[in-house]
Each structure stands twice: as structure tokens, then as C-alpha cells.
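These notes concern the structure reproduced below.
The values are calculated or read from the model by the stated rules, or taken from the named source; none is laboratory data. Here the structure is a predicted model, which means the values were calculated and not measured. FYI the Cβ positions are ideal-geometry reconstructions off the backbone, even for glycines, and counts take in every protein chain you see. Surface areas here come from the heavy atoms of the whole protein model, side chains and all, with no ligands, DNA or RNA. Shrake-Rupley method; radii C 1.70, N 1.55, O 1.52, S 1.80 Å.
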Amino acid sequence: MYKMDQTKTPIFDALMEYYNRETIPFHVPGHKKGCGMDDKFKNFVGCNILSIDVTVFKLVDSLHHPTGPIKEAMKLAADAYGSDMAFISIHGTSGAIQAMILSVVGEGDKIIIPRNVHKSVTAGIILSGAIPVYMQPEIDKNIGIAHGVTPETVEETLRANPDAKAVLIINPTYYGVATDIKRIADIVHSYNIPLIVDEAHGPHLGFNDKLPISAMQAGADMCAQSTHKIIGSMTQSSFLQVRKERIDINRVQQVMNLLQTTSPSYPLMASLDVARMQIATKGRELLDRAIELAQYARAEINKIPGLYCFGEEILGKPGAYAFDPTKITVTARGLGLTGYELDQMLANEYHIQMELSDLYNILAVGSFGDTKEKMDSFINALGEISSKYYGTRPVKGEVLDVPGIPERALTPRQAFNGKKKSIPLSESIGKISAEFLLAYPPGIPIVCPGEVINSEVIEYVKALKEANLYVQGTEDPDVEYIKVVEV
Ligand SMILES: Cc1ncc(COP(=O)(O)O)c(C=O)c1O
């Protein structure tokens with residue numbers, strides 16, 4: 001099924017050649033294979049990683065102008081994921097997302113995005129000067145999380161904004177829930193514009209048919225993948241996959257060069273190269289094991305009083321079309337504990353660290369780095385906590401409906417660059433917000449920078465506080481004050 005030999009690892013091999021030649025380094029970095037580095041750090045990390053921490057020269061190639069092993073690694077990654085070109089991002093998926101946005105929209109162009117995007121999307125929109133048109137994702141009130149946007153929402157938004165230049169979606173969500181991305185791709189393409197996907201949580205999709213389909217399989221035009229989050233590469237290393245039908249690949253290269261350092265880390269790039277080889281050649285078996293282990297944990301956790309770990313039963317709800325079972329979301333509402341409290345108990349009492357927690361949930365990211373023993377430690381810790389708290393505390397109420405999207409007065413870029421002042425939230429009706437106000441759960445903005453604060457917003461914040469739910473985003477942690485743009 002691949003056109004290229006996926007067992008190859010050209011970046012890693014070039015570094016091994018450099019290492020084996022015992023090259024004398026008169027190049028940066030100044031630590032010179034660790035010789036000039038203080039023992040405190042060196043003795044812990046060891047010399048191997050330092051001996052391949054090199055800079056741009058012919059043998060190891062250049063990320064900005066790849067012609068050798070980096071170019072070959074990019075082609076191999078494109079072949080593995082079924083794209084036309086794969087770019088390496090050493091600025092994580094955040095950098096890749098900004099590059100996707102800058103590749104498809106400019107000043108004054110409309111881009112359709114979900115309301116609950118990651119801050120890197122907002123950064124891309126500020127940098128580009130584009131106008132965001134928001135879609136509301138679907139909310140699961142019981143679990144208190146946002147799922148994907150539905151094809152119907154995408155279609156309606158496009159019908160109301162036929163001049164939009166691109167659509168961006170998040171797929172799958174942090175919690176592993178995927179929308180009907182194939183249908184969305186078809187709808188977006190019927191307007192002859194690109195679909196770009198924040199696939200931060202899906203670099204493993206497409207390598208095992210028990211997982212939702214990937215953005216590239218669905219026909220999307222670009223996707224940014226946190227290879228480092230889910231599969232075997234080091235933190236900060238991500239891929240940006242591109243299809244050429246609706247995207248100018250040369251422009252993407254230019255934008256990546258604009259955003260990325262001229263001193264990319266070779267250990268990071270080599271780890272990305274090897275992670276691609278690993279997922280392409282052994283992904284199916286490795287993921288089979290990860291899925292089996294996560295499903296075992298899900299079943300065991302669901303036997304524990306007061307805890308709920310959702311699975312495929314949520315499919316069919318709006319925005320929940322497919323599910324990645326490696327994500328283990330544990331809802332602690334039934335114990336009367338917040339996700340934050342449960343997270344802290346696991347971290348401090350059991351030394352088990354979750355990926356994230358919110359008011360209702362903790363999220364454990366499963367991967368082929370897990371073992372049955374570690375999974376059992378997690379399950380046992382949850383069991384102990386349940387026996388201590390079950391039935392002792394009142395259960396928290398459901399998420400409140402998020403109000404409608406306020407009117408927009410400025411673009412995010414104009415709001416970002418505008419003169420700001422802090423005023424009491426209660427006196428802010430009619431003012432243009434310079435900050436986000438987010439309802440937690442489900443982590444959806446009530447107001448975004450550039451939008452006009454209205455009475456519904458103020459009432460909603462009051463209701464959230466009264467219900468002991470959270471509102472966040474302002475510099476003022478108590479959300480009594482909000483920064484507005486002076487006009
Ligand atoms: C949905 C989503 N998109 C993008 C990102 C950014 O990814 P990275 O941390 O690789 O920059 C994250 C990070 O958590 C994310 O959750």
C-alpha cells in the first residue's frame with residue numbers, strides 16, 4: 001500500500017553517519033557534542049543525544065531548503081499518511097496550525113472555525129488578519145465536554161458565508177470523539193474551498209481500522225498532527241500534511257520558513273522520522289495492543305462506583321460519529337468530586353499524572369507506551385478513591401447551555417493591537433472585549449476578542465458562578481474585571 005520503503009529513516013541515518021565518522025565539530029551548538037556542557041545536565045541526559053545535536057550542513061540537510069535526508073523524510077511521511085507533502089514542524093502542532101491558516105487566508109478573508117479552537121488557531125487568525133466565522137460545537141451535558149461540529153452546522157455556516165476562503169475543524173477532539181469528517185470534506189469541497197484540520201490528537205488514525213478515519217483518508221486538504229502527543233516522537237515534533245489540489249505547496253513551505261527557527265533540533269527531527277517509520281511499519285499491531293489495554297481499563301473503571309468512562313455508546317449523539325478508544329475520560333461527577341480534585345489526588349497520593357482535568361473529568365491518554373501493570377495501578381488508585389468518597393458528597397449539576405454568539409465589532413487582530421483598559425465586568429455591556437471569557441465546562445468561549453459584550457453574557461457569567469461552575473480567560477482570576485478595547 002505504500003509507494004516508498006517505510007523502513008527507511010533518512011534523518012536518523014544521516015546523524016548516525018555523522019556520529020560514526022567521529023566528525024570534529026567547528027559548528028554550533030557550542031557545547032560541541034556535550035564537551036562544553038556542564039556535567040549537571042550532561043551526566044543525567046548522557047552524551048548520545050548531545051552528539052547528534054547538530055546544525056545545518058550538507059550531510060544532515062536543511063529544514064528550510066531540504067534537498068537531502070530531510071526532503072526524503074518528508075516524502076516518506078507524505079507516503080505514510082497519503083498526502084502530497086508532509087512538512088516537519090519543530091514548533092509543535094501550534095506552529096503547523098498557524099502555517100495552515102497563513103497558507104489559506106490573508107487580511108480580511110473569512111475562515112470558518114469552531115468556537116472552541118486551540119489558542120494556536122487564534123494566533124494564526126491574529127497573524128493573518130483573517131475574520132473568524134464561528135460554529136458552535138455540540139455539547140454533551142452529561143459528561144460536560146464539547147464534541148465535534150456536525151456536517152449540518154458546517155453546511156449552514158457555509159450557506160450563510162459563501163465568500164469564506166476555508167473551513168477549519170478539530171478532529172478528533174482531545175477526548176477522542178470524531179465527527180463525520182468525510183461528509184464535512186464533501187460539503188466544504190462543494191464550495192471549492194479547502195478543509196483544514198486540527199488533527200493534534202490523531203496522528204495515529206489511519207493505521208488501525210478500529211480507529212476513526214484520518215483527515216487525509218477523509219479527503220481534507222491539510223492537517224496538523226501532534227506526532228509527539230500520541231505516537232513515538234519527542235515533544236514539539238509534529239507533521240503538517242498537505243494535499244495539492246486546493247493548496248499551493250510552495251506557499252506552505254514559505255510560510256513554514258517564515259514561522260520556524262533556522263536552528264531546528266536534529267534530535268527532534270530524527271525522532272519524528274523514526275516515529276513515522278514505527279507507525280507505518282508496526283502501527284497496526286502496536287495500536288491493537290493500546291486499544292485492547294484502554295478497553296480493558298474502560299471496562300474496569302465502569303465497574304467502580306461513582307465513576308463513568310464513556311465509550312462507543314455515545315456514538316450517534318450530534319458531533320459524535322466515531323470514537324478513538326485509546327482516550328480514557330473518567331467522569332467523577334458521581335463521586336461528587338471535581339476532575340481537578342481527582343487529578344490532584346492521583347498526582348499527589350499515587351504519583352499518577354493525568355493529561356488534563358476539567359470540572360467533571362480527568363483524561364488519561366492511552367498509547368502503545370502503556371503496560372497492563374501501569375494501567376492496573378491507575379484502576380486500583382481509582383478504586384481506592386471511590387471507596388473513600390462514594391456517597392459522601394452531593395453530585396454536581398449539569399452544564400448550562402452556552403448563550404448565542406455575540407456581535408463582532410473588530411477582527412481578533414484589531415482587538416489584539418488595540419489600546420486596552422480593564423473595567424468591571426458588570427459595567428462592560430456594549431464594550432468590545434479584548435479577552436476571552438470561557439465557560440468551563442465545556443471550555444467554550446462566551447465572548448472572543450473583538451466581540452461586543454451584551455447583557456446575556458453578564459447574566460450567563462453570573463449563572464455559572466452561582467452554579468459553582470467555572471468561568472475563565474480574563475487576566476483577573478475572579479472574572480470581576482475584563483479588558484476591553486478603547487475606541
Ligand atoms: C486541539 C489542539 N490543537 C492544537 C494543539 C497544539 O499542539 P502542540 O502542543 O503540539 O503545539 C493542542 C495542544 O494541546 C490541542 O489540544
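Structure summary
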read-out	value
Count - residues of segment 15-29 that are open to solvent by less than 60 Å² (accessible area, probe 1.4 Å) and aromatic (Phe, Trp, Tyr)	1
Count of segment 334-369 residues which are surrounded by fewer than 23 Cβ atoms within 10 Å (Cβ to Cβ), without any contact (Cβ under 8 Å) to a residue 24 or more places away in the chain and under 18 Å from ALA439 (Cβ atoms)	2
Any hit, segment 308-325, residues being among the basic types (Lys, Arg) and assigned to a helix (DSSP H, G or I)	no
Cβ pairs under 8 Å, 6+ apart, first in segment 466-480 and farther than 15 Å from PRO445 by Cβ, second at pLDDT below 85 and open to solvent by 20 Å² or more (accessible area, probe 1.4 Å)	ALA467/GLY397; ALA467/LEU400; ASN468/LYS396
Any hit, segment 389-408, residues being without any contact (Cβ under 8 Å) to a residue 60 or more places away in the chain, in a helix (DSSP H, G or I) and over 27 Å from the mean Cα position of the chain (by Cα)	no
Wholly enclosed helices (runs of 4 or more DSSP H) of segment 56-129 bearing at least 3 residues open to solvent by less than 10 Å² (accessible area, probe 1.4 Å) and over 28 Å from ASN20 (Cα atoms)	92-104, 119-128
Scan of segment 280-307 for residues that are hydrophobic (A, V, I, L, M, F, W, C) and over 17 Å from LEU205 (Cβ atoms), ordered by number	LEU293, ALA297, ALA299, ILE301, ILE304, LEU307
Criterion (closer than 28 Å to ILE184 by Cα, touching a residue at least 60 places away in the same chain (Cβ under 8 Å), open to solvent by 20 Å² or more (accessible area, probe 1.4 Å) and of a type in the set (D, E, K, R)) met by exactly one of LYS327, LYS317	LYS317
Flag for GLY316 being over 30 Å from ILE279 (Cα atoms) and more than 20 Å from the chain's Cα centre (by Cα)	no
Selected residue (only one of TYR296, TYR321 is among the aromatic types (Phe, Trp, Tyr), more than 21 Å from GLY443 (Cβ to Cβ) and at pLDDT 95 or above)	TYR296
Conditions (1) closer than 30 Å to ALA299 by Cβ; (2) crowded, with 17+ Cβ neighbours inside 10 Å; number of the one not met by VAL395	(2)
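Per-residue answers, yes or no, for (1) within 28 Å of ASP79 (Cβ to Cβ); (2) within 23 Å of the chain's Cα centre (by Cα):
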position	(1), (2)
LEU240	yes, yes
THR281	yes, no
LEU286	yes, yes
ALA294	no, yes
